[in-house]
Structure formats: C-alpha cells, structure tokens
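Written below as structure tokens is the structure these notes are about.
The values are calculated or read from the model by the stated rules, or taken from the named source; none is laboratory data. What you are looking at is a predicted structure, and each value in this text was computed from that prediction instead of being measured. Using ideal geometry, Cβ is built from the backbone for each residue, glycine included, and neighbour counts are taken over all protein chains shown. Only protein heavy atoms, including side chains, enter the accessible area calculation; ligands, DNA and RNA are left aside. Shrake-Rupley method; radii C 1.70, N 1.55, O 1.52, S 1.80 Å.
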Amino acid sequence: MPTIAELRRLLAERRADGASVALVPTMGALHAGHLALVRRARELADVVVVSIFVNPRQFGPGEDLDRYPRSLESDVAALTELGVDFVFAPAVDEMYPRGAVDGTTVNAGPIGDRYEGASRPGHFNGMLTVVAKLFNIAQPDIAVFGQKDAQQVFLVTRMVADLDAPVEIVAVPTVREPDGLALSSRNRFLDDAQRAAALTLAESLRAADAAAAQGAGELLAEGVAAFGDHDGASLDYFVVVDPDTLLPIGDDFRGRALVLVAAVVGTTRLIDNTFVDVGPAR
C-alpha cells in the first residue's frame, strides 16, 4: 500500500500524462454499495483511488470503533477485480501523527449538529476533517460518495463550495437488497430477527413516499407510524428536509424533499433516506 508521499508521487506521474483522478473514500468492509461507487468512479475518470480508513475522529465515546468491521484483504481483492489503480489504506498514526484527538479539525457548522450529529456529537467534524485530508493527499478531480449517507454528502458538498476546493462531488443512489434494505457494512451485525426489524426503515420511507402527495404533515405521520408495529427497531429520528438547506420543511412546503430516518436495531445503528415529491395538503 502506498504511503501519503508515495501516493502523491504516483498520482503526479499519472496527471503529467493528462489523466483525471477520481477518489472513493471508504472505511472498508466493502459491499455492493461501495463497489457501485467504484464502478461510477471508473466511468468518470482515468485513474481511480479508493481509500480505506476507519477514521477514529468520527467515532464518539461508546461508539463501535473497535467493533467496526475490517476486511482489508478481501476488500483489496474486490477492488483489484474492478481495476482500481490505487488502494490507499494508511495507518492511524500516518493520518494523525499528533494523535487522533489533537490537531486541526474542520467544523461542520450547525447542520453538523442535527440528525446524525445530534445522536453522534462531533461525528461530522471528524468526517469532514478526514475527507479534507484525503482531498489534499489525492487532489482528485472527482470524489464519489453514496447517497445513503445523505447528510454526509450534503456536508461534504458544502465544505467543497465553502472552501473553494477544486473537486466535483458525485453522489450515487443507494444500493438495496431485493427486499429494500439499504446496504451497510453494519448489516453484518444483524441476526435474522434483527434483519427483519431493520426493514422498518425502508418501509417507513415507502409509507412517506406514498403519502407525500397529501402534504408534509401526512408524509411525516405515515413515516413515523411505520415504526409502531415493530418493537425491534427503535426510532431515533424521522425528518423531512429541504435538500438545498437540510433544514426541516414547513407545512406549506411544495416540491422535492429529502426524508431522513435513523433507528437502532439490537445494538446496531442504521440510517436511510429517500427523495419525495411533496404535494398540497388535502
């Protein structure tokens, strides 16, 4: 695996030949959703870099940093099959030579304290910090993220705009199992009963979409109600937001909105989202 310095040198050589570069940041434990990002990156650029780094700065006290799945060998094999040019899997002390706690941090701002940020304080500051570092290391023309992490996509896109970073952010639609469950590295922690309960997230989004034409209030009520029949999924939040601001919509909102949901199933935290078209209330 290349070091930071080696990756910079290798990419500089490819750029000197006129190649464009796409970066796919991941934390490893790759599944079909990640591989969809890689395929999209392959379509968009001449050179594809995939980073694999379980970032300690985005895990709070009591979160699953030590438990987070790691499968570097099989990840690299899957990426090699897809023709990835460089896999960048740095050690923590290379990324954070002064330690994972100290040092400069990117502040996600007020939106970073909402939704996932309210349940995971500091998470988005840590996420943006490592993404900024990866952008500085790889200097990609394009960076590809999954829409499943909608708040992350919003905050990365805003950071790029606010800091004038010369990178285009591309979001790839959520990849799902045939029954609707959004793919996640954390799904492997679910037993059969918990996996069945986890389907509540996708069911709530379908219910919200079906009610969207009746207005924001009905949409919200129907989505939350989907959790009433499932004791195995503990709802954290279910919100409907304006995609341009990520702030909750009002009752008079009309147009395209984004529904965000998070729940805990067993000891596993899951998130999902979907776009809906909100119509007039009846």
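For the structure I just gave you, tell me whether ASP209 is under 18 Å from THR174 (Cα atoms), charged (D, E, K, R) and open to solvent by less than 20 Å² (accessible area, probe 1.4 Å).
Answer is no for this residue.
If we scan region 10-22, do we find a residue that is in contact with a helix residue (DSSP H, G or I) (Cβ under 6 Å, 6 or more places away or on another chain) and under 22 Å from TYR96 (Cβ atoms)?
No, because not a single residue in region 10-22 is in contact with a helix residue (DSSP H, G or I) (Cβ under 6 Å, 6 or more places away or on another chain) and under 22 Å from TYR96 (Cβ atoms).
Can you work out which of the residues in region 166-189 that are open to solvent by 50 Å² or more (accessible area, probe 1.4 Å) and among the basic types (Lys, Arg) is modelled with the highest pLDDT?
By that ranking, first place goes to ARG176.
For region 129-141, does any single residue satisfy the condition of being in a helix (DSSP H, G or I), open to solvent by 10 Å² or more (accessible area, probe 1.4 Å), modelled with pLDDT under 95 and of a type in the set (S, T, N, Q)?
No, every residue in region 129-141 fails to be in a helix (DSSP H, G or I), open to solvent by 10 Å² or more (accessible area, probe 1.4 Å), modelled with pLDDT under 95 and of a type in the set (S, T, N, Q).
Out of everything in region 222-241 that is open to solvent by 40 Å² or more (accessible area, probe 1.4 Å) and modelled with pLDDT of 95 or more, what residue ends up being nearest to ARG206 (Cα to Cα)?
Selected residue: GLU222.
Would region 118-133 turn up any residue that is more than 26 Å from THR274 (Cβ to Cβ) and of a type in the set (Ser, Thr, Tyr)?
yes
Which numbered condition trips up GLY83, out of (1) open to solvent by less than 20 Å² (accessible area, probe 1.4 Å); (2) out of contact with any Phe, Trp or Tyr (no Cβ under 9 Å at 6 or more places or on another chain)?
(1)
Residues in region 46-84 that are within 19 Å of PHE145 (Cβ to Cβ), among the charged types (D, E, K, R) and at pLDDT 95 or above: how many?
1
Inside region 242-282, can you point out the residues that are open to solvent by 30 Å² or more (accessible area, probe 1.4 Å) and under 15 Å from LEU190 (Cβ atoms)?
Selection gives VAL264, GLY266, THR267, ARG269, ILE271.
Which of the residues spanning region 26-51 are open to solvent by 20 Å² or more (accessible area, probe 1.4 Å), farther than 23 Å from PRO121 by Cβ and of a type outside the set (Gly, Ala, Ser)?
Answer for region 26-51, where residues must be open to solvent by 20 Å² or more (accessible area, probe 1.4 Å), farther than 23 Å from PRO121 by Cβ and of a type outside the set (Gly, Ala, Ser): LEU30, HIS31, HIS34, LEU35, ARG39, ARG40, ARG42, GLU43, LEU44, ASP46.
Do we find a residue being among the small types (Gly, Ala, Ser), over 15 Å from the mean Cα position of the chain (by Cα) and surrounded by 18 or more Cβ atoms within 10 Å (Cβ to Cβ) anywhere in region 156-165? Steps first, answer last, please.
Taking region 156-165 first, the residues among the small types (Gly, Ala, Ser) are 161, 165.
In the following step, the residues that additionally are over 15 Å from the mean Cα position of the chain (by Cα) were identified as 161, 165.
The next check asks that each one be surrounded by 18 or more Cβ atoms within 10 Å (Cβ to Cβ); those that pass are 165.
Yes, that holds for at least one residue.
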